[in-house]
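J.: The structure is given below, and queries will be raised subsequently.
The values are calculated or read from the model by the stated rules, or taken from the named source; none is laboratory data. Note that the structure is predicted; figures quoted are calculated from it, not measured. Positions of Cβ are generated from backbone atoms using ideal geometry, with glycine treated the same way; all protein chains shown enter the neighbour counts.
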């Protein structure tokens, strides 16, 4: 890494990976090229068979640690890395995501400026498999109730204080698809979490991405967690005081995920139930209701064509590339062809 300065806190970044040879090199470079001098970077590969190991080996001398062996899944891999981590600040970056240039330095500065915060997070970009910009994702500072209502934040933008993470006791592996959101809820139940209005990370969507390939299973994980949360003394009072809002939000979240799985009638039913419980929650996502209804009556292709054209008109000339200090948003001249 760049000129080390021991007065700055060590940041430990863990990348869990499994069969992401198409993307992992860009992920590695987006971390290794950061301008922050004290980064401990570890890659925990689950025994990839697609050539990922050869790519990781090319950068082995710049990594603090890496291993390729079977694990029990995504949260197990992250926990494995964090158990070895020595940093005062922790983060994990999936092997198809990227850090924007300056992200680590800005996160360290944010935690310094907000000593009350247990974790900080920023905004991010959603791109396709080729790095083409699909949407910028803007966030705000969420409170515990909003997180219980499934207001989600962009996982790769999160940086956590080690002392709070240790107090929590690590990631809960029984929620393999929403373990990160569960972690944010547990953080927010102990200390404030703070949003910074700056683009820190890139999330990539592609056919093999977990969020796309297993969308309906996210609903099952979320429902199971909320049922378990009702048994937690630190969460139950808030749930009891806001039950209609929380469970209406669960239905809306489920509807959005079911759309991604092509289960449009089920999605529409969840939106209808949410409207009966807490109408304003549904109105926030009126466009997803329209998508579910249109798709149910056979107009999914028309809706998706409209969305693709809208994205192309707004963002078609922009893409994400790896620059000298990390990922950068650049204009793509080829989009005019």
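J.: Does residue 36 fit the bill of being crowded, with 17+ Cβ neighbours inside 10 Å and assigned to a loop (DSSP other than H, G, I, E, B)?
T.: Taking the combined requirement at face value, the residue satisfies it.
J.: I've got another one for you. What pairs can you find where one residue is in the stretch 293-311 and part of a helix (DSSP H, G or I), the other is modelled with pLDDT under 85, and their Cβ atoms are less than 6 Å apart, with a gap of 6+ or different chains?
T.: 294/303
J.: Yes or no: residue 164 closer than 23 Å to residue 76 by Cα and in contact with a strand residue (DSSP E or B) (Cβ under 8 Å, 6 or more places away or on another chain)?
T.: Answer is yes for this residue.
J.: Look through the stretch 54-66, keep the residues that are touching a strand residue (DSSP E or B) at 6+ places or on another chain (Cβ under 8 Å) and surrounded by 17 or more Cβ atoms within 10 Å (Cβ to Cβ), and return whichever of them is farthest from residue 14 (Cα to Cα).
T.: 56
J.: Touching a strand residue (DSSP E or B) at 6+ places or on another chain (Cβ under 6 Å) and at negative phi, is that true of residue 145?
T.: Answer is no for this residue.
J.: Quick one: which strands (runs of 3 or more DSSP E) lie wholly within the stretch 53-169 and hold at least 1 residues that are touching a residue at least 60 places away in the same chain (Cβ under 8 Å)?
T.: It comes to 89-92, 119-127, 133-137, 159-161.
The rows are residues; the columns are (1) in the same structural domain as residue 144 (by TED's automatic domain parsing); (2) at pLDDT 95 or above; (3) part of a helix (DSSP H, G or I).
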position	(1), (2), (3)
219	no, no, yes
223	no, yes, yes
233	no, no, no
251	no, yes, yes
258	no, no, yes
270	no, yes, yes
275	no, yes, yes
288	no, no, yes
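For (1) at pLDDT 95 or above; (2) buried (at least 23 other Cβ atoms within 10 Å of the Cβ); (3) within 19 Å of the chain's Cα centre (by Cα), each residue gets a yes or a no:
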residue	(1), (2), (3)
90	yes, yes, yes
97	yes, yes, yes
113	yes, no, no
123	yes, no, yes
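J.: If you don't mind, there's one more thing I want to ask. If residue 171 passes every condition in (1) at pLDDT below 95; (2) surrounded by fewer than 20 Cβ atoms within 10 Å (Cβ to Cβ); (3) within 21 Å of residue 85 (Cβ to Cβ) but one, which one does it miss?
T.: Residue 171 satisfies every listed condition except (2).
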